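The values are calculated or read from the model by the stated rules, or taken from the named source; none is laboratory data. This one's a predicted model, so the numbers in the text were calculated from it and none came from an experiment. Heads up, the Cβs are rebuilt from the backbone with ideal geometry, glycines too, and the neighbour counts pull from every protein chain shown. For accessibility, only protein heavy atoms count, side chains too; no ligands or nucleic acids. Shrake-Rupley method; radii C 1.70, N 1.55, O 1.52, S 1.80 Å.
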Amino acid sequence: METLSQFETRIEAFQTHSVPDEPTFGLPPSLEEKVAPQAGALRSFYGDTVAYFLDDQARDLVARIGDRLHTHFGESLSVRLPADAAHVTLHDLHAGPQRARVWPKVEAHAAAAGELVAQARAFGPIRTACTTVFNMMNTSVVIGVKATDEHEHRKLLTARALFDHIVPSGPFTPHITLAYYRPAPPTALPPAEFRAALSALTADAAGTSVLLAPERLHLLHFSSMGDYRIAEEL
């Protein structure tokens, strides 16, 4: 299991200098599965995930930073993500643009995933804090979070590992997605200006507490990157 110190070393390598030092900010073709080119609308994209919804303080932070991002870079971003759907993903499960291919997997693992959510909740609240506002793999801008100490970090990773029985996972970079980029935007994202903005936003967000509360941990179904619904309420 990765220690907190190892985790910090790993994320520092890509979070602190996340915007490539290039004249053009390139986007991966796969982003068009989630965001419509030019218009920036969120496309149908289906699946399930296990995630913590946020408390009021963290949602307010997400809304405030989202406002600033869209004020300055709105034509380069997707439409706004709803603040009340903001979350920290514990473990992604299944996802894809074709519902007919994804949904049988979602349904086949629904009972097991629900039981594992109950086990993960038993770890109790997990204390984390914001680290950096950064560019995530040229697909989205996010707020990174990390556990406040080694004990909380081990709880988080142990809870996540429960779901590896359904879908194996790799290294974990917990985060809150603020916005997706817009393919073929009316205004290209200016890398130097964007880099400076992320640095300023990080100064505001860093250290803000994000409590991952067990009662806010859910198995979620989604039909786009802005439409998440609690599975047990469907």
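Things to note:
- Filtered by the rule that a residue be among the small types (Gly, Ala, Ser) and in a loop (DSSP other than H, G, I, E, B), segment 22-40 gives 26, 36, 39, 40.
- Of all residues in segment 1-16, those satisfying the criterion of being charged (D, E, K, R) and in a helix (DSSP H, G or I) are 8, 10, 12.
- Number of positions in segment 18-70 that are among the basic types (Lys, Arg) and either open to solvent by less than 20 Å² (accessible area, probe 1.4 Å) or within 15 Å of the chain's Cα centre (by Cα) (or both): 2
- Only one of the listed residues (19, 62) is in a helix (DSSP H, G or I), β-branched (Val, Ile, Thr) and either at pLDDT below 95 or farther than 21 Å from residue 190 by Cβ (or both). That residue is 62.
- Test: residue in segment 52-59 that is within 23 Å of residue 204 (Cβ to Cβ) and among the aromatic types (Phe, Trp, Tyr): yes
- Qualifying residue in segment 76-88 (condition: among the hydroxyl-bearing types (Ser, Thr, Tyr), buried (at least 17 other Cβ atoms within 10 Å of the Cβ) and either under 15 Å from the mean Cα position of the chain (by Cα) or not in a helix (DSSP H, G or I) (or both)): yes
- Which numbered condition residue 189 fails, given (1) at pLDDT below 95; (2) open to solvent by 70 Å² or more (accessible area, probe 1.4 Å): (2)
- Within segment 80-100, being hydrophobic (A, V, I, L, M, F, W, C), within 19 Å of residue 179 (Cβ to Cβ) and out of contact with any strand residue (DSSP E or B) (no Cβ under 8 Å at 6 or more places or on another chain) holds for one residue alone: 83.
- Selection from segment 1-49 of residues that are closer than 18 Å to residue 97 by Cα and among the acidic types (Asp, Glu): 32, 33, 48
- Within segment 62-78, residues that are farther than 20 Å from residue 38 by Cα sit with their Cβ atoms under 7 Å from residues that are open to solvent by 10 Å² or more (accessible area, probe 1.4 Å) and modelled with pLDDT under 95, at 6+ positions apart or across chains, in these pairs: 62/83; 63/83.
- Residue 44 being in a helix (DSSP H, G or I), polar (S, T, N, Q) and at pLDDT 95 or above: no
- When the criteria are applied in full, residue 221 meets the requirement of being at pLDDT 95 or above, open to solvent by 30 Å² or more (accessible area, probe 1.4 Å) and not in a loop (DSSP other than H, G, I, E, B).
- Condition broken by residue 4, with the remaining ones in (1) open to solvent by less than 50 Å² (accessible area, probe 1.4 Å); (2) without any contact (Cβ under 8 Å) to a residue 12 or more places away in the chain; (3) among the hydrophobic types (A, V, I, L, M, F, W, C) satisfied: (2)
- Taken as a whole, the condition of being at pLDDT below 95, aromatic (Phe, Trp, Tyr) and closer than 28 Å to residue 154 by Cβ applies to residue 14.
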